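Down below is the structure, laid out as structure tokens.
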Amino acid sequence: MTLKNAFICATMLLATQFTFSGIASAHEYKGGNLNIDHPWSKEVPPTSQVAAAFFTIDNHGKEADTLLSASSPIAGKTELHAHVNENGMMKMREVQEITIPAEGQQNLKPGGLHIMFFDLKKTPALGESFPLTLNFQHAGTVEVEVKVEKATYQSDAMKMDHSGH
Ligand SMILES: [Cu+2]
């Protein structure tokens, strides 16, 4: 990300936080035909350089939409990720896009599709939240707040092989 882009991004975030302040407690976000429900991130150790975010996207539209990219001020790099089975080993892979079917749903969850943050500038602590910008092909840009929650169960996502990065 260039300095100029970073500045635009920060400006947009400030503006959007103001816009969303009235409905922040609902923790559900709308963009076009999409509903983004309960964005959350699993608590990671303070020294962690990576984190992941999960949420459910409902598409009420008659055509599919596509998540093209994501970004967050907490991370140097934000990628769309999937888990793939490679010779019996579950590994994380960057994907170019995540499709939300028409009148359907897409689930980002531990062990499945997720948003991945690298080079954390600040590790978000339990109970905190941080901004995440999602760029959709049709719904456009949607800003959400990701809540940091406790890892309630030991999932495969915690044992992932990051050597591919
Ligand atoms: Cu990942």
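Within segment 57-85, the set of residues being open to solvent by 60 Å² or more (accessible area, probe 1.4 Å) and modelled with pLDDT under 95 comprises just one member, ASN85. The residue pairs whose first member lies in segment 112-140 and is under 18 Å from GLY31 (Cβ atoms) and open to solvent by 50 Å² or more (accessible area, probe 1.4 Å), whose second member is among the polar types (S, T, N, Q) and part of a strand (DSSP E or B), and whose beta carbons are closer than 8 Å, counting only pairs six or more residues apart or on different chains, are GLN137/THR66; HIS138/THR66. Restricting LYS30, LYS4 to those that are over 19 Å from ASP119 (Cβ atoms), at pLDDT 95 or above and out of contact with any strand residue (DSSP E or B) (no Cβ under 6 Å at 6 or more places or on another chain) reduces the list to LYS30. Are any residues in segment 41-56 within 16 Å of the ligand (Cβ to nearest atom) and either open to solvent by less than 10 Å² (accessible area, probe 1.4 Å) or touching a Ser or Thr at 6+ places or on another chain (Cβ under 9 Å) (or both), and if so, which ones? Selection gives SER41, LYS42, VAL44, SER48, GLN49, ALA51, ALA52, ALA53, PHE54, PHE55. Strands (runs of 3 or more DSSP E) wholly in segment 69-155 with at least 3 residues that are within 14 Å of the ligand (Cβ to nearest atom) and more than 17 Å from PRO39 (Cα to Cα) - which ones? Answer list for segment 69-155: 75-86, 89-94, 114-120.
Can ASN59 be described as more than 12 Å from the ligand (Cβ to nearest atom), over 12 Å from the mean Cα position of the chain (by Cα) and on the phi > 0 side of the Ramachandran plot? Taking the combined requirement at face value, the residue does not satisfy it.
The values are calculated or read from the model by the stated rules, or taken from the named source; none is laboratory data. This is a predicted model, so every value here is computed, not measured. A quick note on method: Cβ atoms are made from the backbone with ideal geometry, for glycine too, and the neighbour counts reach across all protein chains shown. Please note that ligands, DNA and RNA were not included when accessible areas were found on the heavy atoms of the full protein model with its side chains. Shrake-Rupley method; radii C 1.70, N 1.55, O 1.52, S 1.80 Å.
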